[in-house]
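For reference, the structure discussed in these notes is given below.
The values are calculated or read from the model by the stated rules, or taken from the named source; none is laboratory data. Nothing here was measured: the structure is a model prediction, and the numbers come from that model. As a convention, Cβ positions derive from the backbone with ideal geometry for all residues, glycine included, and neighbour counts pool all protein chains shown. Ligands, DNA and RNA are excluded from the accessible area calculation, which covers all protein heavy atoms including side chains. Shrake-Rupley method; radii C 1.70, N 1.55, O 1.52, S 1.80 Å.
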Amino acid sequence: MLTSYLALAGAIGAAAFFSGRFLLPRVHQRNLSRGRVDAPGGRKTQAAPVPFGGGTVLMAGVAIPLVLGFATALAATLGVVSLPESLAPYADGALSRWFPISALVVASVGLAAMGRVDDSRGLKVGPRLIIQFVLATLVVLSGIRASLFVDSFLLQLIVSVMWLVFATNAMNFIDNMDGLCVGSGLASALGIATLALLDGQVLVMALAISLAGALAAVLSWNRPPARLYLGDEGSQFAGFLLAALGLALSFQPEQSATRGFSFVPFFAPLLLMVIPVADGATVIVSRCRRGIPPWTAGLDHLSHRLARRLSSKTKAVAMLLSIAFWGAAGAVLVVNGSPPHLAAAALLAAVGAAVVIFLSTGPRRSRP
């Protein structure tokens, strides 16, 4: 069965990756000719205008395998095609989950559309947050939410919506250096896909691996020096989808009656998105302490602080991405029955690394 899952994951990831690679030069040229670019100036230090469009490629990379997958499931249900015995039961399951998947797609695309508008002419923070909360509530009401081991729908609703909004904005926060947001998203998507595959959650795995394939394609054009930017369109889409897929994971190995209560389902999503979470939390706390609105643009993110310490943006991004991949690997180790000491070490190492970055990269005192 695992072999069938791996083959399916490989096919989906390849479809998303090569779809993205096909679209990249076309989207790049189209946006460049239409003036959908991020021009240098102010905090923008690139040498020349860089087109947006990474979000468009991401959405296409996810949509193509998703449409093909549902078409195949429908054809298998109607008897037009036959699936391997290990995958056949999931055809009916995929079709039965059309409502939460539709809600997730609508919300993710809606946030991407909002981000596209914000990229072109800017949006105030109020309307942005209202749209984010409304779409997050739609997804949670569709059934994608954290159980929290408590029989309280209201608490589940509040925590899940807050997580979706925070994680979405946290991904947007780290889209401040070439390759950082895309690479961090790739680490998260691969971690979610691995957890879903090991737990037999084929639909979650399919969505996560398609996003991973699309992110891998975009990374080839977004790495330093970037030829294409995600923009708010891409960071909002990727952040929301990753946060929702993290909620959709069952963490079944940690919820069995024989093992009792576990904090793992609380910590695993944080590990899966360790860099956005660490950066978002520290920036919000730091700005609130200084009396600055958290949504204000600034150069106080972990990436900026680390780049100043290392005198290199490339080294800063490489270090942060290594922690992102280690955090995702730690989540897989923690959830899937590895020895307790190894799981604890993975958890502490990932969280500790994020804390060390924050403590060691504080702003330098200016010399007189």
Out of the total accessible area of region 174-240 (probe 1.4 Å, heavy atoms of protein only), what percent is carbon and sulfur? 60
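So how do TYR5, TYR229 rank on accessible area, 1.4 Å probe, biggest first, that is with the largest at the start?
Numbers: TYR5 15, TYR229 35 Å².
The ranking, largest first, comes out as TYR229, TYR5.
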Calculate one ³J(HN,Hα) per residue across region 203-215 by plugging θ = phi - 60° into the Karplus curve 6.51 cos²θ - 1.76 cosθ + 1.60, and present them in order as whole Hz with x for glycine and proline. 5, 5, 4, 4, 5, 5, 6, 5, 5, 4, x, 5, 5
Mind checking the per residue accessible area of region 90-182 for me, 1.4 Å probe, whole number of Å²? 46
To the nearest 10 square angstrom, how much accessible area does LEU141 have with a 1.4 angstrom probe? 100
Given the whole protein assembly as supplied and a 1.4 Å probe, what does the accessible area of ARG21 come to in Å², nearest 10? 100
Near GLY53, within a Cβ-to-Cβ distance under 12 Å, what is the net charge of the other residues, with Lys and Arg +1 and Asp and Glu -1? +3
Put MET114, MET59 in order of accessible area, largest first, 1.4 Å probe: what do you get? MET59, MET114
So how much accessible area does SER311 have, in Å² to the nearest 10, using a 1.4 Å probe? 100
Equivalent ellipsoid dimensions for region 7-63 as semi-axes, Å, which come from the Cα gyration tensor, largest first: 29, 12, 8
Largest-first ordering by accessible area, 1.4 Å probe, given options THR3, THR77, THR168: THR3, THR77, THR168
